[in-house]
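Novice: Have a look at the structure that comes next, please.
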Amino acid sequence: MMDNLTEILVVGTQEDILQTVLRLLNSQPSWHAEGVSGCEEAISKCKSQSYQVLLLGGGLTDMEEERLKTEIKIIQPGIHIIPHYGGGSGLLYAEIYLALGTDNKKSGL
Amino acid sequence: MAQTVLHSAASRGGADHGWLKSYHTFSFASYYNPERVNFGALRVLNDDSVAGGRGFGEHPHDNMEIISIPLSGSLEHKDSMGNIGTIEPGEIQVMSAGTGIYHTEYNKNKDEVVKFLQIWVFPNKRNVEPRYDQVKIGAPEKPNSLVQILSPNPEDAGVWIHQDAWFNLGKLEKGSEVDYVFQRKGNGAYIFILEGEAEVHGQTLSARDGFGIWDTENFVIKASSDTEFLIMDVPMEF
């Protein structure tokens, strides 16, 4: 693990979509993302490592999302827990930038 | 008192991949502007042009209501639920991505650019069952009026989505006007000009300008020239 990387944990039950999201996140040089498929794994990960962002991917029930928000905030009070929408590249980067409070505009061109 | 926001056509972000030229009204992919992320539940308004025979290979989506409106040419869709369809001007396509769906989108013609709007609306419920639909857009009941193309109601005109949103297409002759009344308290409207010029709430709008208005019960669109536009009536809080 390199210093100054933004550590991101992604939870999603659809393995193919999870891998797509991880590939997109890890294509950014200052981000490092790991993925898990359920609540138990996510909570276990957060007990052993610090993350800046927890991204709630698709397939989780409302109860599972609430459980993650509650229990992981207790383990890591500073973590940003955000839902991911879209399942791919479209909104992903903006979601992370917003969670981190990034003000720098990126033209995309 | 009505509140408004103007997004001029020239202020949009974008991407040019050669085969794909896209203008983004709101932050999308590598375009990021923290002041331009969404208008209520309206999250994406992409103005796309895809070269002949080219398109988007298989890619996933989840938890988003995705609407495509072709402006010229033909767009072919295939998805992991087995749906295959082609849409052309005068039609609208919707996909509720829900728990997850894979699809491809290609320009069906090899010798003609396909131009279309791709619009994403946040769903009012996550992880719904994925679904796909496409319908022909009805003709207006009379000249210089609106045609509803999307609503939350399966039995209503146009396609339906998992959100309290209503879309209308308008085509006005120069000098005519239409009074739009919001469908739901708490909704705002985002007007996107497709062709020509119009005036909304004292603001002159040209092709591809976007204008949001909320905290009012209605507004008037006046045609400064022959004009076509899309009204997206969406919840401001969701």
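Novice: Select from the stretch B:181-211 the residues that are among the small types (Gly, Ala, Ser) and either within 17 Å of residue B:121 (Cα to Cα) or more than 19 Å from the chain's Cα centre (by Cα) (or both) and list them in ascending order. Break it down stepwise before answering.
Specialist: Initially, the stretch B:181-211 is screened for residues among the small types (Gly, Ala, Ser), giving B:186, B:188-189, B:196, B:198, B:202, B:206-207, B:210.
The answer is B:186, B:188, B:189, B:202, B:210.
Novice: Let me ask something else about it. Go through (1) modelled with pLDDT under 95; (2) in a helix (DSSP H, G or I) for residue A:103 and report which single condition fails.
Specialist: Only one criterion in (1) modelled with pLDDT under 95; (2) in a helix (DSSP H, G or I) is unmet by residue A:103, namely (2).
Novice: Looking only at residues in the stretch A:70-87 that are within 20 Å of residue B:97 (Cβ to Cβ) and surrounded by fewer than 19 Cβ atoms within 10 Å (Cβ to Cβ), which one is farthest from the other protein chains (Cβ to nearest Cβ)?
Specialist: Result: A:82.
Novice: Mind checking which residues of the stretch A:46-69 are in contact (Cβ under 8 Å) with a residue 40 or more places away in the chain and part of a loop (DSSP other than H, G, I, E, B)?
Specialist: Answer for the stretch A:46-69, where residues must be in contact (Cβ under 8 Å) with a residue 40 or more places away in the chain and part of a loop (DSSP other than H, G, I, E, B): A:49, A:50, A:51, A:52, A:57, A:58, A:59, A:60.
Novice: Another one. Of all residues in the stretch B:1-22 being within 29 Å of residue B:81 (Cα to Cα) and not aliphatic (A, V, I, L, M), which is surrounded by the fewest Cβ atoms within 10 Å (Cβ to Cβ)?
Specialist: First, pick out the residues of the stretch B:1-22 that are within 29 Å of residue B:81 (Cα to Cα): B:17, B:19-22.
Now narrow it down to the ones that are not aliphatic (A, V, I, L, M): B:17, B:19, B:21-22.
Values: B:17: 10, B:19: 15, B:21: 16, B:22: 20.
Top of the filtered list is B:17.
Novice: Which residue out of A:82, A:43, A:72 is in a strand (DSSP E or B) and β-branched (Val, Ile, Thr)?
Specialist: Details: A:43 fails: in a strand (DSSP E or B); A:72 fails: in a strand (DSSP E or B).
Exactly one of A:82, A:43, A:72 is in a strand (DSSP E or B) and β-branched (Val, Ile, Thr), namely A:82.
Novice: What is the residue count in the stretch A:51-65 for residues that are farther than 25 Å from residue B:22 by Cβ and within 12 Å of chain B (Cβ to nearest Cβ)? Explain how you work it out, then say what you get.
Specialist: First, the residues of the stretch A:51-65 that are farther than 25 Å from residue B:22 by Cβ: A:51-54, A:56, A:59-65.
Now restrict to residues that are within 12 Å of chain B (Cβ to nearest Cβ): A:56, A:59-65.
Number of matching residues: 8.
Novice: What do you reckon, is residue B:53 more than 11 Å from chain A (Cβ to nearest Cβ) and at positive phi?
Specialist: yes
Novice: Checking the structure you have, find out if any residue of the stretch B:86-97 is outside any strand (DSSP E or B), surrounded by 21 or more Cβ atoms within 10 Å (Cβ to Cβ) and touching a Ser or Thr at 6+ places or on another chain (Cβ under 9 Å). Walk me through it before giving the result.
Specialist: The first filter runs over the stretch B:86-97 and keeps only residues outside any strand (DSSP E or B), leaving B:88-90, B:97.
Within this subset, residues satisfying the condition of being surrounded by 21 or more Cβ atoms within 10 Å (Cβ to Cβ) are B:97.
Subsequent filtering for residues that are touching a Ser or Thr at 6+ places or on another chain (Cβ under 9 Å) retains none.
Among the residues of the stretch B:86-97, not one is outside any strand (DSSP E or B), surrounded by 21 or more Cβ atoms within 10 Å (Cβ to Cβ) and touching a Ser or Thr at 6+ places or on another chain (Cβ under 9 Å), which makes the answer no.
Novice: Which numbered condition trips up residue B:164, out of (1) outside any loop (DSSP other than H, G, I, E, B); (2) outside the structural domain of residue B:97 (by TED's automatic domain parsing)?
Specialist: (1)
Novice: Ok, one more. Considering only the stretch A:98-107, I want to know if a residue exists there that is under 12 Å from the mean Cα position of the chain (by Cα) and hydrophobic (A, V, I, L, M, F, W, C). Spell out the reasoning first.
Specialist: Looking only at the stretch A:98-107, we keep the residues that are under 12 Å from the mean Cα position of the chain (by Cα), and these are A:99-100.
Now restrict to residues that are hydrophobic (A, V, I, L, M, F, W, C): A:99-100.
Within the stretch A:98-107, one or more residues are under 12 Å from the mean Cα position of the chain (by Cα) and hydrophobic (A, V, I, L, M, F, W, C).
Novice: Being surrounded by 15 or more Cβ atoms within 10 Å (Cβ to Cβ), touching a Ser or Thr at 6+ places or on another chain (Cβ under 6 Å) and not in a loop (DSSP other than H, G, I, E, B) narrows it down to one residue among A:24, A:18; which is it?
Specialist: Values: A:18 fails: touching a Ser or Thr at 6+ places or on another chain (Cβ under 6 Å).
Matching residue, one of A:24, A:18: A:24.
Novice: Right, here's the next one. Residue A:35 - would you say it is in contact (Cβ under 8 Å) with a residue 60 or more places away in the chain and crowded, with 16+ Cβ neighbours inside 10 Å? Talk me through it step by step, then tell me what you get.
Specialist: Numbers: in contact (Cβ under 8 Å) with a residue 60 or more places away in the chain: no; crowded, with 16+ Cβ neighbours inside 10 Å: yes.
No, not satisfied.
Novice: Go through the stretch B:58-85 and count every residue that is over 20 Å from residue B:139 (Cα atoms) and part of a strand (DSSP E or B).
Specialist: Residues flagged as over 20 Å from residue B:139 (Cα atoms) and part of a strand (DSSP E or B) within the stretch B:58-85 amount to 13.
Novice: If I ask for residues that are in contact with a Lys or Arg (Cβ under 8 Å, 6 or more places away or on another chain) and among the aliphatic types (A, V, I, L, M), which ones from the stretch A:77-109 would you list?
Specialist: Correct list: A:79, A:81, A:91.
Novice: Working only within the stretch B:173-197, note down all residues that are assigned to a strand (DSSP E or B) and farther than 15 Å from residue B:219 by Cα.
Specialist: So in the stretch B:173-197, the residues assigned to a strand (DSSP E or B) come out as B:177-181, B:187-195.
Result: B:193, B:194, B:195.
The values are calculated or read from the model by the stated rules, or taken from the named source; none is laboratory data. Note that this is a predicted model, so its numbers are computed, not measured. So basically every Cβ, Gly included, is an ideal-geometry build from the backbone, and we count neighbours across all protein chains shown.
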